[in-house]
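Colleague: My structure is below; once you've seen it, I'll send some questions.
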Amino acid sequence: MTTYVHVNRNVIASNAKHGTDNPAVRLQRGRYGKPTYANEVEIDGPSRVVYSPHKAILPCGARLVIETDAPVRVVR
């Protein structure tokens, strides 16, 4: 199953505005999988960066993602 990694820009903006440090890296297994948030992830294999300027790649609206079938783990 493909794993998608992207940066949630709304979380970054909120952190800057409110001085918080909520995780902004969103990790999702499959297009409709439950997301996990982290500050850092490691991709243990090949991956690719995909940009779709006119159509969202994920239901959350992401247009730029890293796609991989390799194992991805959250670094805590």
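The values are calculated or read from the model by the stated rules, or taken from the named source; none is laboratory data. All values reported here derive from a predicted model rather than from experimental measurement. For neighbour counting, all protein chains shown are included, and Cβ atoms are generated from backbone atoms with ideal geometry for every residue, glycine included.
Colleague: Show the residue pairs meeting these rules: Cβ distance below 6 Å; 6+ apart or different chains; first residue within the stretch 4-24 and without any contact (Cβ under 8 Å) to a residue 40 or more places away in the chain and within 25 Å of Ser47 (Cα to Cα); second residue of a type in the set (Ser, Thr, Tyr) and surrounded by 12 or more Cβ atoms within 10 Å (Cβ to Cβ).
Modeller: Pro23/Tyr37
Colleague: Would you check which residues across the stretch 49-76 are in a strand (DSSP E or B) and under 20 Å from Arg9 (Cα atoms) and list them?
Modeller: Val49, Val50, Tyr51, Leu64, Val65, Ile66, Glu67, Val74
Colleague: Also: Please determine whether any residue of the stretch 44-62 is surrounded by 12 or more Cβ atoms within 10 Å (Cβ to Cβ), among the small types (Gly, Ala, Ser), over 22 Å from Val75 (Cβ atoms) and at pLDDT 95 or above.
Modeller: Yes, that holds for at least one residue.
Colleague: Given the criteria in a loop (DSSP other than H, G, I, E, B) and either of a type outside the set (Lys, Arg) or surrounded by 12 or more Cβ atoms within 10 Å (Cβ to Cβ) (or both), does Tyr32 qualify?
Modeller: yes
Colleague: What pairs come up if the first residue lies in the stretch 31-44 and is under 18 Å from Ala70 (Cβ atoms), the second is among the basic types (Lys, Arg) and not in a loop (DSSP other than H, G, I, E, B), and their beta carbons are under 8 Å apart, counting only those six or more places apart or on different chains?
Modeller: Listed pairs, sorted by first residue: Thr36/Arg26; Val41/Arg73; Glu42/Arg73; Asp44/Arg73.
Colleague: For Asn10, which of the numbered conditions (1) over 10 Å from the mean Cα position of the chain (by Cα); (2) part of a loop (DSSP other than H, G, I, E, B) fails to hold?
Modeller: That leaves (2) as the condition not met.
Colleague: Can you tell which of Ala24, Ala38 is modelled with pLDDT of 95 or more, within 14 Å of Val74 (Cβ to Cβ) and in contact with a helix residue (DSSP H, G or I) (Cβ under 8 Å, 6 or more places away or on another chain)?
Modeller: Ala24
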